[in-house]
Each structure stands twice: as C-alpha cells, then as structure tokens.
Amino acid sequence: MTAVRMDGKELAAKVREGVARQVSDLGHVGLATVLVGDDPASHVYISSKHKAATEAGIDARDVRLPAETSEDDVLELVASLNEDPEVDGILVQLPLPSHMDETKVTYAVSPAKDVDGFHPVNAGNLYLGTPIHVPATPSGCMELLRAYGIDPAGKEAVVIGRSEIVGRPMSMLLLHAHATVTICHSRTADLAAHVRRADIVVAAVGRPGIVTTDMVKPGAACLDVGLTRTDEGIRGDIDPGVEEVAGFLTPMPGGTGPMTIAMLLESTLKAARYRRGMLDFPGN
Ligand code: NAP
C-alpha cells in the first residue's frame, strides 16, 4: 500500500483564500504579533505568519523587542494591545527569554484576542467542548482529517506528546470528535504497542523517525507534527517508510506546518467576529 498524501500545502492555500474573502467582507481585520529576543526559529515563524496574514489582507503589526526587554514592559504592551480597537488578534511568540514568566505573559492576553488559544479560558473551553480559540496546529490536523474524509468517531487515536500547544489540545479535539484517545509521552512504557492499535496517529514529539514502519497499523492515518532540523534537512517524527503501510500520511514538510499558519488566520478572523459582536463570546 502507498499512503494517500495529505497535502497540507494545498489545503492551507484553500483555507487562506477563504480567509482572504472573509477579511475583505469584514473590511478590516488586525493581528498584532509580539516577538521578544533573538531566537532564530521564532524570527522565521513570525515572518511566515506575517507574510500569510498580509497576503490574506489582514493588517499585521509586527512588534519585535530586544531580549533584555523587561517583563513589565511586555505586560504593558499586551495591555495596550488588548485595548487597541485596530487589533483583533494578539499572538505572543514563545519561547520568551528566560527572565520572563511565560505563563504570566500568556495569561495577560485578552481571551477573546488570544488567537493562539493558550489562555486558560480558551484551554478550559476546549476541555469543556465549547471551543473559542483553539491552538492552530491541532486545529490544522483536524482540518486535514476532515478534508480527507477521515471521521474520528469510533476510531482508536493515539497522540504522541502531551504539550499544551499540540498534544493535549489535539487529544481533546479527537475526543470531542468521538475517537477513543490514548495520549503517549516520555514515560509511556511501550509506545509501539499503543501506536500499533491506532487508526489515527498524531506524532508531536520532535524526535526524527520515532514512529517506525513496524509500529503502524496497515491503513492508519498518520499526521506528522514533530519537526527537527538536521544536516540532511527537515525531518519529521514519522519515518518516511511508513507510507508503505499507512492509509494516509502528511508529508514533512508540506503537511501540518502550512495548516498551522492557515488556522492562525482563521482564528484571527474569528477574533474579529467576537470583537464586532458577530459571535457571542462565552461567559460575556
Ligand atoms: P514539547 O513541548 O517538547 O513536547 C514534546 C512531547 O513529546 C512531550 O509531551 C514529551 O513527553 C513527548 N516525548 C518526548 N520524548 C518522547 C518519547 N521518547 N516517547 C513519547 N513521547 C515523548 O514540544 P511541542 O511544542 O509539543 O512540539 C512537538 C514537536 O512538534 C516539535 O518538534 C515542534 O517543533 C513541532 N511543532 C510543529 C508544528 C507544526 O506546525 N508542524 C507546530 C508546533 C510544534 P513529556 O511530556 O513526558 O516530556
């Protein structure tokens, strides 16, 4: 068997076209990103997010601050963005420099503008099954499953990784879609035994090739989130040989990455609708 390639680049282009149309209907949609410090990967990520946002007609404000900026200054900036009527969505790029309390800064973002979905109000609503803003990477994985006609209901899903950004929200989304979900992590005793049972595998670890061909159930849908830069180029968590066994497989790159950016734009659009009262913000 050769797996169907789940083309994230193609799907992301469609999502982005849809966002651009809706942004044009709304008139003005604003996104502010805040990047503190010199992390090279973060600079690359922020630049790609800005390019995509601008192409979709979003008014994207790119705030980059030196690494030595104080936590108070960042908190003050976030507070002013919360109040700014031109700003619908706010994204504070992680990681922040080590002298800052990431939790404090993340929690300072207004939940309605928190397009990353990291604020506890957003995390809590996802847990409750009433999602507001959902982290973009798991959201993109769900879109890929939908686009390729894979309904998680009744299926065994294994998520490898339990971070607040990917693994945990991914497992919640699959659970709400009625999959039977197993979450694996660094203390899981027998990863292979869990993965072997799975109809859907989401690998979000950051260890190249941790999911090997012999671990995958024939026909399974495999989504590769893990991303490691090596001398040979970008490697995913899923060994490329898995395509001989899996039913569906995301390429790396060109799978979950482009969908992450597309879903961030969707989230920004949603934030604009909350701010205009076109959607009811739960609890308000
Ligand atoms: P993270 O916070 O480092 O989490 C990694 C997870 O993997 C942890 O839960 C960890 O378990 C688990 N893990 C580590 N070793 C393991 C092992 N041997 N077996 C099973 N689980 C193991 O990373 P993250 O932010 O979730 O990101 C995960 C990967 O996805 C990274 O490579 C990142 O670059 C990539 N990423 C890609 C995208 C995209 O758009 N494609 C977006 C975001 C992230 P413990 O909790 O027990 O430590």
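For this structure, a couple of remarks:
- Residue in segment 256-278 that is crowded, with 24+ Cβ neighbours inside 10 Å, assigned to a loop (DSSP other than H, G, I, E, B) and at pLDDT 95 or above present: no
- Within segment 44-69, considering residues that are touching a Lys or Arg at 6+ places or on another chain (Cβ under 8 Å) and part of a helix (DSSP H, G or I), the one nearest to VAL23 (Cα to Cα): GLU55
- If you go through segment 80-105 and keep only what is assigned to a loop (DSSP other than H, G, I, E, B) and within 22 Å of ALA272 (Cα to Cα), you end up with ASP84, PRO85, GLU86, VAL87, ASP88, GLN93.
- GLY140 vs. criteria touching a residue at least 24 places away in the same chain (Cβ under 8 Å), in a helix (DSSP H, G or I) and surrounded by 23 or more Cβ atoms within 10 Å (Cβ to Cβ): yes
- Odd one out for LEU173, checked against (1) closer than 27 Å to VAL44 by Cβ; (2) within 14 Å of the ligand (Cβ to nearest atom); (3) within 19 Å of the chain's Cα centre (by Cα): (2)
- Meets criteria (in a loop (DSSP other than H, G, I, E, B) and under 20 Å from the mean Cα position of the chain (by Cα)) for PRO253: yes
- Any chance ARG168 is open to solvent by 20 Å² or more (accessible area, probe 1.4 Å), more than 18 Å from the chain's Cα centre (by Cα) and within 10 Å of the ligand (Cβ to nearest atom): no
- If only residues of segment 115-131 that are open to solvent by less than 50 Å² (accessible area, probe 1.4 Å) and over 18 Å from VAL78 (Cβ atoms) are counted, the one that is nearest to the chain's Cα centre (by Cα) is LEU126.
- If you go through segment 137-160 and keep only what is of a type in the set (Ser, Thr, Tyr) and away from the ligand (no atom under 16 Å from the Cβ), you end up with just TYR148.
- Test: residue in segment 65-78 that is open to solvent by 40 Å² or more (accessible area, probe 1.4 Å) and under 22 Å from the mean Cα position of the chain (by Cα): no
- Taken over segment 217-243, residues that are surrounded by 14 or more Cβ atoms within 10 Å (Cβ to Cβ), over 21 Å from ILE165 (Cβ atoms) and within 15 Å of the ligand (Cβ to nearest atom) amount to 1.
- Condition met for VAL134 (within 9 Å of the ligand (Cβ to nearest atom), assigned to a loop (DSSP other than H, G, I, E, B) and surrounded by 21 or more Cβ atoms within 10 Å (Cβ to Cβ)): no
- When SER186, SER163 are screened for being open to solvent by 60 Å² or more (accessible area, probe 1.4 Å), near the ligand (Cβ under 10 Å from one of its atoms) and more than 18 Å from MET6 (Cα to Cα), only SER186 passes.
- Pair list, Cβ under 7 Å, 6 or more apart: segment 40-54 residue open to solvent by 30 Å² or more (accessible area, probe 1.4 Å), other residue modelled with pLDDT of 95 or more and in a helix (DSSP H, G or I): SER48/ILE261; LYS49/ILE261; LYS49/LEU264
- Flag for GLU102 being open to solvent by 30 Å² or more (accessible area, probe 1.4 Å), away from the ligand (no atom under 16 Å from the Cβ) and not aromatic (Phe, Trp, Tyr): no
- Residue-level analysis places VAL202 among those that are buried (at least 23 other Cβ atoms within 10 Å of the Cβ), within 14 Å of the ligand (Cβ to nearest atom) and not in a helix (DSSP H, G or I).
The values are calculated or read from the model by the stated rules, or taken from the named source; none is laboratory data. Please read these numbers as outputs of a predicted model, since none were measured by experiment. Quick reminder, even Gly has a Cβ in these numbers, built from the backbone with ideal geometry, and neighbours come from all protein chains shown. Side chains included, ligands, DNA and RNA excluded: accessible areas come from the protein's heavy atoms. Shrake-Rupley method; radii C 1.70, N 1.55, O 1.52, S 1.80 Å.
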